[in-house]
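To start, the structure itself, in structure tokens.
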Amino acid sequence: MAPSRRGTTSTASVGYKRLLAHCRCMNADEFRDELRDARDTELSRLSSSKAVYALTGGEMTGAAVRTGTARELSALELIFERWADAADGESAELFADAAEFAATSAGSFDSDAGDGARHVVADALDAEHEVARLGAAAAAFLVLDDLAGQLVGFFVGDADRKSADEFRTFRTELAEYGDDATGLLAAHCESEADEEAARDAGAAVVDGAYDWYVETLESMGVEPKNVC
């Protein structure tokens, strides 16, 4: 996979990482732990082999995995670019970095993927305010991180070591962006209302992803609730 800005030390990344280092506000790990507890079943199914089946439209091939992942990332790129333009400071820097990461990764996986009819998390990223957008982004990276683990397993099972390594690197970067998003979220939550807005936005992303999972599988005649 072509290198993203994660491989460099940009002025933008230094800015928001400095803020994270001094954060003593809302607990970032608590945000993710609570989201996992509240949406345990949904997240489990979203990281199953059936989620890969949904992502590929039933075509369980390496090429289809790459195309489905690239389509999701291309949709995310547009959203994060829009959020970066509307934000200020560290949040704008994080969203801009995330948009570039999504674009670079999508181009590496399948530069001719085009757009998909529906997306795993991108369709649910409709938060309007900065704190809610950080919560939504953190949840989106959590969902995709878990799903990427299943994609790594797919390529391992397919004896495609190169692609498995490529998707391991991709998953590591997803986790890093998730850490940054939850860290900034913690730093920007100044009230109980902020925390509630962030939790609601995060839950909405997981719910939207689960709707994608259920409806996509049902449209293919597959029972979505039996996990494999």
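For the listed peptides 103-114, 145-156, a ranking on the average number of other beta carbons within 10 Å per residue, highest first, reads 145-156, 103-114.
Based on the Cβ-Cβ distance of Asp115 and Ala159, what FRET efficiency does E = 1/(1 + (r/R0)^6) give at R0 = 45 Å, to the nearest 0.05? The partial results should precede the final answer.
Working: r = 31 Å, r/R0 = 0.68.
Once rounded, the FRET efficiency stands at 0.90.
In the chain, excluding the sites themselves, the longest stretch lacking any of the trypsin sites (Lys or Arg not before Pro) that are in a DSSP loop with at most 14 other Cβ atoms within 10 Å is 25-224.
Count Lys and Arg as plus one, Asp and Glu as minus one, and take only other residues whose Cβ is under 15 Å from that of Ser74; the net charge is then -4. Relative to the dominant Cα principal axis of the chain, helix 161-188 is inclined by about 30°. Computed over protein heavy atoms with a 1.4 Å probe, the accessible surface of the chain works out to 45 Å² per residue.
Can you tell me the length gained on complete extension of the stretch Asp207 to Arg36, counting 0.36 nm per residue apart and subtracting the Cα distance? Kindly include the intermediate steps, with their values, before the conclusion.
Working: separation 171, 0.36 × 171 = 61.56 nm, distance 1.20 nm.
So the extension gain works out to 60.4 nm.
Report in % the part of the accessible area of the chain that belongs to carbon and sulfur, leaving out ligands and nucleic acids; probe 1.4 Å. The value for the chain is 45 percent carbon and sulfur by accessible area. Report summary: the helix-based calculation at 222 nm, which adds -39500 (n - 2.57) for every DSSP H run with n ≥ 4 and divides by the residues of the chain, gives -25000 deg cm²/dmol. Taking GluC sites (Glu not before Pro) in DSSP loop conformation with at most 15 other Cβ atoms inside 10 Å as exposed sites, the chain has its longest uninterrupted site-free stretch at 60-127.
The values are calculated or read from the model by the stated rules, or taken from the named source; none is laboratory data. Since this is a predicted model, take the numbers as computed values, not measurements. Note that we place each Cβ from the backbone using ideal geometry, even for glycine, and neighbour counts take in every protein chain shown. Areas reflect the complete protein model, heavy atoms only, side chains present, ligands, DNA and RNA absent. Shrake-Rupley method; radii C 1.70, N 1.55, O 1.52, S 1.80 Å.
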